[in-house]
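One structure is given here, and the rest of the page talks about it.
The values are calculated or read from the model by the stated rules, or taken from the named source; none is laboratory data. All of these numbers come straight from a predicted model, not from anything done at the bench. So basically every Cβ, Gly included, is an ideal-geometry build from the backbone, and we count neighbours across all protein chains shown. Just so you know, the surface numbers come from the protein's heavy atoms only, side chains and all, with ligands and any DNA or RNA stripped out. Shrake-Rupley method; radii C 1.70, N 1.55, O 1.52, S 1.80 Å.
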Amino acid sequence: MTRVQKIKSFIFSILMIAAAIYLMSDPEHGYSYIVLILGTGLLIYGINTLIYFFTMARHMLGGKYMLYKGVIFTDFGYLTCMLNNIPRIYVILYLAILHSFTGLVEILRALENRSHGGAFKLKLAHGIYDMILAACCIIFIKETHTVVIIYSVGLIYSALFRFVGALRKNV
């Protein structure tokens with residue numbers, strides 16, 4: 001990780017913690033903000049991936065993968081931004097599925113790192129935590145305020161992981 005990437009990660013983790021504290025202080029409107037933050041984040045990531053494809057990746061081997069990835073994330077971003085007008089139970093299920101998928105990917109990445117002899121404990125812990133968040137979202141599916149607080153705690157946890165990653169020495 002370069003110095004600029006470390007600074008970006010540090011600043012982004014501070015913004016994540018501030019957003020989580022705000023969401024916990026106002027859980028009634030926090031639901032709408034979670035949908036907005038998640039949708040905007042996916043949309044920005046998808047657009048950045050598409051820009052990367054059109055500027056560089058289309059000339060690379062396997063570059064079409066970046067095009068597909070950009071289109072899918074952009075679509076998920078649009079879908080998430082539109083979820084504000086449907087019943088909250090569907091959005092909570094969507095968040096639970098998203099967390100469980102993220103947790104599963106982190107666990108698989110940790111197991112792959114372990115098979116290659118790399119560090120895997122941090123990724124494994126992060127994946128397990130995401131799976132626990134998904135289970136908590138399903139358990140408290142009827143109580144939106146509780147889900148907002150659970151999501152905020154998960155946001156703080158992810159911010160701390162980014163913060164620790166920014167402070168790590170490069171190998």
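Normalised by 2.2 N^0.38 Å, with N the number of residues, the alpha-carbon radius of gyration of the stretch 72-171 equals 1.22. For I141, nonlocal amide neighbours, meaning residues 5 or more places apart or on other chains whose placed amide H falls under 5 Å from its own, do not occur. Per-residue 3J(HN,Hα) values for the stretch 62-75, derived from phi via the Karplus relation 6.51 cos²θ - 1.76 cosθ + 1.60 with θ = phi - 60°, read x, x, 5, 4, 5, 5, 4, 4, x, 5, 5, 5, 5, 5 Hz in sequence order (x marks Gly and Pro). Could you tell me whether the stretch 127-171 comes out rounded, prolate or oblate from its Cα gyration tensor? Rule is a ≥ b ≥ c as square roots of the eigenvalues, rounded for a/c under 1.5, then prolate if a/b exceeds b/c, otherwise oblate. Since a/c reaches 1.5 but b/c is at least a/b, the shape of the stretch 127-171 is classed as oblate.
Quick check: the angle from helix 121-139's long axis to the longest principal axis of the chain, C-alpha only, nearest 10 degrees? Rounded to the nearest ten degrees, it is 30.
Over 26 Å between Cα atoms, which of K64/K169; K121/K142; K8/K69; K64/K121; K6/K121 qualify? Before the final figure, lay out each step's value.
Details: K64/K169 33 Å; K121/K142 33 Å; K8/K69 23 Å; K64/K121 32 Å; K6/K121 21 Å.
Listed pairs above 26 Å: K64/K169; K121/K142; K64/K121.
Looking at the stretch 112-145, the trypsin sites (Lys or Arg not before Pro) that sit in a DSSP loop and have at most 13 other Cβ atoms within 10 Å of their own Cβ are K142. Farthest towards the positive end of the charge dipole of the chain, among the residues F161, Y78, F101, is the Cα of F161, using unit charges on the Cβ of Lys, Arg, Asp and Glu.
Once you sort the root eigenvalues of the Cα gyration tensor of the stretch 44-118 as a ≥ b ≥ c, which label holds: rounded (a/c under 1.5), prolate (a/b larger than b/c) or oblate (the other case)? Oblate is the answer for the stretch 44-118, as a/c is 1.5 or above yet b/c matches or exceeds a/b.
Computed 3J(HN,Hα) for the stretch 84-90, one whole-Hz value per residue from the Karplus formula 6.51 cos²θ - 1.76 cosθ + 1.60 where θ = phi - 60°, is 6, 9, 9, x, 5, 4, 5, glycine and proline marked x.
How many Å² of accessible area per residue for the stretch 30-171, probe 1.4 Å? Kindly include the intermediate steps, with their values, before the conclusion.
Numbers: 8890 Å² over 142 residues.
Per residue, the stretch 30-171 has an accessible area of 63 Å².
Comparing mean-square fluctuations of T144, T80, T55 from a GNM of the chain with C-alpha springs under 10 Å, the top value falls on T55.
Taking a ≥ b ≥ c as the square roots of the Cα gyration tensor eigenvalues, with a/c under 1.5 meaning rounded and otherwise prolate when a/b beats b/c, else oblate, which class fits the stretch 1-103?
Details: a/c = 2.60, a/b = 1.40, b/c = 1.85.
Since a/c reaches 1.5 but b/c is at least a/b, the shape of the stretch 1-103 is classed as oblate.
In a DSSP loop and with at most 14 other Cβ atoms within 10 Å, the GluC sites (Glu not before Pro) in the stretch 78-171 are E143. The stretch between I132 and E28 holds 35.1 nm of extra length on full extension. This uses 0.36 nm per residue minus the Cα-Cα distance.
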